[in-house]
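Below is one structure; the comments refer to it alone.
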Amino acid sequence: MNSSSARFIRLFDRFARFLSAVGAVAAGLILLAMSLHILAEIVLRTLFLRSTFVLEEMIGYGVAAMSFLGLGYALNTGALIRMNLVLEKLGDGLVRRIVEVICIISAGIFTGIAAWYFYVNAVRDFMRGHVSETLSETPLWLPPSIMLLGMLVFLVQLLAYLLRVLAGDVSFAPSGREQE
């Protein structure tokens, strides 16, 4: 591999890590917002016998958004479930690289298909002006758009990981840290 290829892979990997970190921070902020909403609901119900009437809906959207926005970061830090026992038995040779490439491409294909359907759903709901049938009347294109964003970040992180594997870097975890 020449130096310009290695430089491109490092730059793309840095970009993917940045996007993944932004997704993780967004997921953390959503968790904070959900916690504050729950606390507000407790105070409203306990002290004022009132409610926002949208807690369950917003928590559902929040959990979905956090899960998808955190995918890229989870892959980058090695937090996703992987078959490390099998991969370690394969060593750092060609067979392991082939298995890694097959797994990465398979994950990318399945994620891409799901992302396409989320995109179609979001566009359809946006064009039709669909809103939830609750008091909040949340635009129904918003939740799948956030999940789609998380899937796109995950796809970028998968591509960065694929580039590292193709370059021969299979001796480290997805985050670039040496495996113990």
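Of note:
- For VAL131, residues with placed amide H under 5 Å, excluding near neighbours: LEU140
- If the chain linking VAL25 and LEU85 were pulled fully straight, counting 0.36 nm for each residue of separation and taking away their Cα-Cα distance, it would gain 18.5 nm.
- Exposed-loop-free span, longest in the chain, where trypsin sites (Lys or Arg not before Pro) count as exposed if DSSP calls them loop and at most 13 other C-beta atoms lie within 10 Å: 51-176
- Overall shape: oblate for the range 72-113, with the ratio a/c of the largest to smallest alpha carbon gyration tensor axis at 1.5 or above and b/c at least equal to a/b.
- Accessible area in the full protein assembly, largest first, 1.4 Å probe, for VAL99, VAL153: VAL99, VAL153
- On a per residue basis, the range 1-147 carries 66 Å² of accessible surface, using protein heavy atoms and a 1.4 Å probe.
- Largest-first principal axis extents of the Cα set of the range 41-111 (Å): 66, 23, 15
- When the range 1-89 is reduced to its Cα atoms, the Kirkwood hydrodynamic radius in Å: 16.0 Å
- Sorting the Cα pairs of the range 76-152 by distance into bins of 10 Å, from 0 upward, gives 17, 32, 21, 17, 10, 3 percent per bin.
- On Cα atoms only, tilt of 3-47 relative to the major axis of the chain in degrees: 20 degrees
- Theoretical FRET efficiency, 1/(1+(r/R0)^6), r = Cβ-Cβ of LEU47 and SER136, R0 25 Å, to 0.05: 0.65
- Label-point separation in nm, SER35 to LEU11, each point 7 Å along Cα→Cβ: 3.9 nm
- Note on MET127 and VAL63: with the Förster distance fixed at 35 Å, the Cβ-Cβ geometry gives a FRET efficiency of about 0.85.
- Carbon/sulfur fraction of accessible area - the chain, other protein chains in place, 1.4 Å, %: 71 percent
- Per residue Cα convex hull volume in Å³ - calculated over the range 27-167: 112 Å³
The values are calculated or read from the model by the stated rules, or taken from the named source; none is laboratory data. If you're wondering where the values come from, they're calculated on a predicted model, not measured in any experiment. No Cβ is skipped: glycine too gets one built from the backbone with ideal geometry, and neighbour counts run over all protein chains shown. Each accessible area value is taken on the protein alone, full model and side chains, heavy atoms only, with ligands, DNA and RNA left out. Shrake-Rupley method; radii C 1.70, N 1.55, O 1.52, S 1.80 Å.
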